[in-house]
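Notes follow the structure.
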4 protein chains.
Amino acid sequence: MSFNSFGRVFRFTTWGESHGPALGAVVDGCPPGLALSESDIQPFLDRRRPGTSRFTTQRQEPDQVRILSGVFEGKTTGTPISLMIENVDQRSKDYSEVAKAYRPGHADYAYDAKYGFRDYRGGGRSSARETAARVAAGAVARAAIAEVAITAWVSEIGGDAIDPVNFNADEIGNNPFFCPDAEAAKRWEALVDGARKAGSSLGAVVECEATGVPAGWGAPLYAKLDSELAAAMMSINAVKGVEIGDGFGAARLRGEENADPMRPGDDGPLFLANHAGGIAGGISTGQPVRVRIAFKPTSSILIPVETVTREGEASEIMTKGRHDPCVGIRGVPVVEAMMALVLADQKLLHRAQCG
Amino acid sequence: MSFNSFGRVFRFTTWGESHGPALGAVVDGCPPGLALSESDIQPFLDRRRPGTSRFTTQRQEPDQVRILSGVFEGKTTGTPISLMIENVDQRSKDYSEVAKAYRPGHADYAYDAKYGFRDYRGGGRSSARETAARVAAGAVARAAIAEVAITAWVSEIGGDAIDPVNFNADEIGNNPFFCPDAEAAKRWEALVDGARKAGSSLGAVVECEATGVPAGWGAPLYAKLDSELAAAMMSINAVKGVEIGDGFGAARLRGEENADPMRPGDDGPLFLANHAGGIAGGISTGQPVRVRIAFKPTSSILIPVETVTREGEASEIMTKGRHDPCVGIRGVPVVEAMMALVLADQKLLHRAQCG
Amino acid sequence: MSFNSFGRVFRFTTWGESHGPALGAVVDGCPPGLALSESDIQPFLDRRRPGTSRFTTQRQEPDQVRILSGVFEGKTTGTPISLMIENVDQRSKDYSEVAKAYRPGHADYAYDAKYGFRDYRGGGRSSARETAARVAAGAVARAAIAEVAITAWVSEIGGDAIDPVNFNADEIGNNPFFCPDAEAAKRWEALVDGARKAGSSLGAVVECEATGVPAGWGAPLYAKLDSELAAAMMSINAVKGVEIGDGFGAARLRGEENADPMRPGDDGPLFLANHAGGIAGGISTGQPVRVRIAFKPTSSILIPVETVTREGEASEIMTKGRHDPCVGIRGVPVVEAMMALVLADQKLLHRAQCG
Amino acid sequence: MSFNSFGRVFRFTTWGESHGPALGAVVDGCPPGLALSESDIQPFLDRRRPGTSRFTTQRQEPDQVRILSGVFEGKTTGTPISLMIENVDQRSKDYSEVAKAYRPGHADYAYDAKYGFRDYRGGGRSSARETAARVAAGAVARAAIAEVAITAWVSEIGGDAIDPVNFNADEIGNNPFFCPDAEAAKRWEALVDGARKAGSSLGAVVECEATGVPAGWGAPLYAKLDSELAAAMMSINAVKGVEIGDGFGAARLRGEENADPMRPGDDGPLFLANHAGGIAGGISTGQPVRVRIAFKPTSSILIPVETVTREGEASEIMTKGRHDPCVGIRGVPVVEAMMALVLADQKLLHRAQCG
């Protein structure tokens, strides 16, 4: 079975392969009457778009989104919103090598083992290109949660982390790394350039914060807000770890250190700390919701790796195409989109049960 | 909305509160003809059972499971399997304090914010007691995936980790910590005792490995094996982080270090490493599936913490009941159960689509 | 796969066999804060209870319901409501004949073909006894849709229909047939008695009306209100047909006859007819929602029928147990329950999307 | 909430409005390795296509389908199959009247009541044009159930039924009514012509039979094969009734008349009758699966009907556009598609649980 939908009542389905004619998303369950046009979605796609700096893949894709249904006279109608993005730069390249041998770290072998064969052109369905459809769907989700502000950034590349003291949200848009620390951004230029020139790749950590989430969103027990976020983030290509709030750091704290004490506040309790990342018992507490996500280095590298062919012969492979030296960077708008999609769903679920 | 079911085709639903008459699970979609009796389930519940050492809560619960449906003449019939566990030790305690003020780090405030009120007795539905129902359901799942062996253990308590060199799977059952390193287990006695006597609590890291999972399980894109595992683990009480394979460690590797090279093997490729944790593109590769889970220290501590009352007044609270100094320990059988439940579901999903 | 759950956000799961220790339902997603106790549920079970007249099966079941979770201090908490009914009169009867040969018209052969074997005691999971769990769940649903009034009745038995002119809702509770036409009820006594004495059985038509449903409930396209009602009713044992509004009668009308013209009214349009049964485009119009359901005669008859054994030998079989001469009669409270369950789900779904 | 998906593991989602740029379906969960191209889908769309005779709407739509994903080198890959059909003949017509007043019998008022406003051009999402997407998805489903043959036909128009004696499956394709009785087809010409010229419309009954369905498909209890079929058929525009096997006729039979006796056969039992329509206990028995469906006369007529405006003023309305004098006719390929979609899903569900 193949499940290409996500969400319970605010639900989206994506389709499309890296080298097919197009890819897209169908967003179902969106509230009616929200203002929505292509220009509300395009900016998010532009942030994720490849080829915008030398630190991302050189594939050239305009990633122009079209709304094919679900919007009438500039407003959502409550019916499914079909979004389509055409694939333009499907460079006619020789894929015979990838067709024959498995790229280690890629989904090649797993897809073959599952389905018996695979669309080997650019990774087919397992390509990170699919995330364009998520970003488009995420822009619709944002329209459904106008009360929430979502920001993500890269906090670490190749083990080199930002200094929290230097954190400046305004800086995020000023460099090609979505980096909130201007000094780190400078260091990363050399770091990522080095990896790129060496034909290697680097991992990264992305962080995401959602403010304005009211207390009470989250559907215990098996659609807890943190559980849904973990599923959403872990479904992104190259993600290998998810933390809520202090995450693994919390495992090293004592109970009294990890507590988030409360004092009387004007609108509900005032929390004195946010180790929990804004979620308790799977339900939002009104504090900022915080998630950290680990991206592995992409497996597409210009360094040969031992592998086997489809026929089981020993071989070596090295990815010749255009690829990201650090996929985590372009993960930022995708992480934001998944946060928006989870929150929109939880908002509607909360409304369903609690009126 | 409240979603108390998990799984797509091998699906379970849990119900019950900490201080209600009973709790239970309904397992739906289990293949017919599997041998199953209460004695197949009870040993798993016994491992999770409270009150078995001074390192866990002193609540005394026999946790005897009853099968109420779905089994006939010792075999599963393919109809829903209803499992019930009675609550016995619901010590009639004074909950007036918890009813009035929110325990920081607990779900108290979040439940109130969501539902308008809450069952405050022992945490109600948000109590870790619910995990008994998961462990029972997990035992049924194991019957459906006889080809798979699942083992979990505690690898770190309060920041003190095991030494991988000392790893000995046989040791796991020899100490009250599910610890595979005999030396670490000795150190942890003092550590956990200290926290217990200080009225404090400790976090922990649990690791879980499933061997025997064939290549091909996993349902891309939004029911990827790793995505489902992340959701499953993050839904466990006190869990704040999930890693697949190298997890956050992968974010510090270079592409060539993180690759899992392949050589020809007798049954498919032989992998020379397992940074990926047995999953690529959301699909199992045939290697062991590996997950790491971070448990926060329980918020139930004997040290007073600043809080507010339901009426919004400043207050202080301290948990007087019987609680776990390190909830991560009893998380081990729960983690194994969730692994089994995810794999059983993915096995059936794979069979549905790929025959 | 076996799907024992129904509903999208107001969702219930049933479990249990005819001759197991108990049966039950778990209701998930119920709004919090609704007054609910066992005495709110019991009256509906009493209406469905066997053995109350000579026109229904003589199995004696008290059908006492217990609420095991989800209710605290007399109010729903928003967590799953577990309902359990013990089986008392599982007469220790000789089932060896049913174990060996298939009863035509029963699920015996189909269950064997699907699962490889079956619980043959009293039909196991395919027994109409399962509907007790639905009726209990339906009583919870009613609490969630206080604005709606639901009434069902038998309108035809063995081809003998009520006279619409004699329709009197107050009459429904005055006879053992849930018949709104006192004269028909009298005729049916002889009719059903005759069938019972002949060891035969009769079919029936049940009608159900829900008033107070506001305009706007229904989730197009594949969870349309009429589509959900059709699924719900067709899932009841012995049901073979479902009509909304005029149903098959509408297929014989011309467009102008079938239209439901509107005039200005105080609260929205005033409809001059209700051929549509209160649903247009899958969405409620504010008119009474009307459904008709066909029940076949039960296949449990004292008249021998040709059949085959599990081993494929020719045989004859005749049901010796206690059975309903007209199962449609006891279908009335089940139909009402399914109506309530569908409407509660649609109410919450509407609230999710449209606020 | 709006649910535009159908199916559990073989699942499709449709999108699109009558007068938007396009409409389509995403089919998810299709088994890999099936031969599929646009030419496998197009013939089914051609059968449903408007404008092919004077007995259907004169809207001219080529209904050319494009496969945008999920197929590689002529075979399904196991990833989502995106199907798109462009809307060509969106005649720029004056919809101001429909925008202002509600057409009785249409979804106009219900959509407004639910969503606050509506896309009034040609019925928007509630238009029967959406069924083109179902037909395309159904063609994919047929590829997944090659063992099954599905045939539907019109058995009654405006109360004039075919004579079962004249039933000839080969005749179905020989007339514009999908009528298996050549004589009835002749009578219907005059009948439908008369209605068309009078600006009126007629209802119809469609029957559908699936042969080759093995015993054992069906997912009790709430995804029973008959329950899923009822939901599927009732979700089609203009459908008001669904019968399985004898349907309402069974309610007039006695138990011994309604039984389907069995005799030993070469491959399982030989049934001597098929009152049940091939389904017992919600599971297929190996007999032909039979369904009957009632279509109301379309509400789009040239005869003025009393109505109200959006502002609540009294008015009259009459549909000026191009419409079907008997929508049931073009319902035939849609009914077949829904049958195929339900069976494909049930086949996969069966395989999931029972291997």
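The values are calculated or read from the model by the stated rules, or taken from the named source; none is laboratory data. Bear in mind the structure is a predicted one, so any value in this text is a computation, not a measurement. Glycine gets a Cβ as well: all are built from the backbone with ideal geometry, and neighbour counts include every protein chain shown. In case anyone asks, the SASA skips ligands and DNA or RNA and just uses the protein heavy atoms, side chains included. Shrake-Rupley method; radii C 1.70, N 1.55, O 1.52, S 1.80 Å.
A compact table of results
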| read-out | value |
| --- | --- |
| Accessible-area value, residue C:339, 1.4 Å probe, nucleic acids and ligands omitted, Å² | 0 |
| Heavy-atom accessible area ranking, 1.4 Å probe, most first, across B:336, B:73 | B:73, B:336 |
| Listed residues B:40, B:267 arranged by accessible area, highest first, probe 1.4 Å | B:267, B:40 |
| Among D:212, D:268, D:286, residue whose mean-square fluctuation peaks in a GNM of chain D (springs only between Cα atoms under 10 Å) | D:268 |
| Angle in degrees between helix D:182-197 and the longest Cα principal axis of chain D, rounded to the nearest 10 | 20 |
| Cα pair count fraction exceeding 17 Å, expressed as % - the stretch C:231-355 | 70 |
| Rounded, prolate or oblate (a/c below 1.5 giving rounded, otherwise prolate when a/b exceeds b/c) for the stretch B:146-239 by Cα gyration tensor | oblate |
| Convex hull of Cα atoms in the protein assembly as shown, direction-averaged projection (nm²) | 48.4 |
| Interface size D-A, as summed buried accessible area [1.4 Å probe, Å², nearest 100] | 3300 |
| Top positive-direction residue, dipole computed over the stretch D:5-354 with Cβ charges, set D:42, D:178, D:280 | D:42 |
| Label geometry 7 Å along the beta-carbon vector: residue B:94 inter-copy distances in nm | 6.6, 8.1, 8.3 |
| With all protein chains modelled, accessible area of residue C:75 [1.4 Å, Å²] | 80 |
| Nearest 10 degrees, 0 to 90: helix B:327-354 Cα axis against chain B principal axis | 40 |
| Over 25 Å (Cα to Cα) - which of A:347/C:347; A:75/D:240; A:296/A:347 fall in this group | A:75/D:240; A:296/A:347 |
| Cβ-placed point charges (K, R +1; D, E -1), dipole of chain B about Cα centre in debye, nearest 20 | 780 |
| Cα-Cα separations in chain B greater than 37 Å, expressed as whole percent | 20 |
| Sum of side-chain charges, residue B:183 neighbourhood, beta-carbon under 12 Å (Lys, Arg +1; Asp, Glu -1) | -3 |
| Helical mean residue ellipticity (222 nm; -39500 (n - 2.57) per DSSP H run of 4+; nearest 500) of chain A | -8500 deg cm²/dmol |
| Low-density loop positions, trypsin sites (Lys or Arg not before Pro), the stretch D:1-60 - DSSP coil, at most 12 other Cβ in 10 Å | D:54 |
| Shape call, the stretch A:53-166: gyration tensor on alpha carbons, a/c limit 1.5 | oblate |
| 1.4 Å probe accessible area per residue over the stretch B:5-354, in Å² | 30 |
| Sequence-separation-based contact order of chain D, relative, with Cα cut under 8 Å and 6+ spacing, percent | 22 |
| Charge tally in the Cβ shell below 14 Å around residue C:63, where Lys, Arg are +1 and Asp, Glu are -1, residue C:63 excluded | +2 |
| Shortest-first distances to equivalent copies, position residue B:198, nm, label 7 Å out along Cβ | 4.2, 8.5, 9.1 |
| Sparse-neighbourhood loop sites, GluC sites (Glu not before Pro) in the stretch D:116-164 - DSSP loop, at most 13 other Cβ within 10 angstrom | D:147 |
| Heavy-atom accessible area order for C:275, B:323, largest first, 1.4 Å probe | B:323, C:275 |
| Exposure of residue B:108 as accessible area (Å², to 10), given a probe of 1.4 Å and all protein chains | 10 |
| Pseudo-label separations to other copies for residue D:52 - Cα-to-Cβ vector, 7 Å, nm | 4.8, 5.3, 6.7 |
| With every protein chain in place, the stretch D:5-354: carbon and sulfur % of accessible area (1.4 Å) | 48 |
| Axis-nearest residue in chain D [Cβ, rotation onto B], distance in whole Å | D:352, 2 |
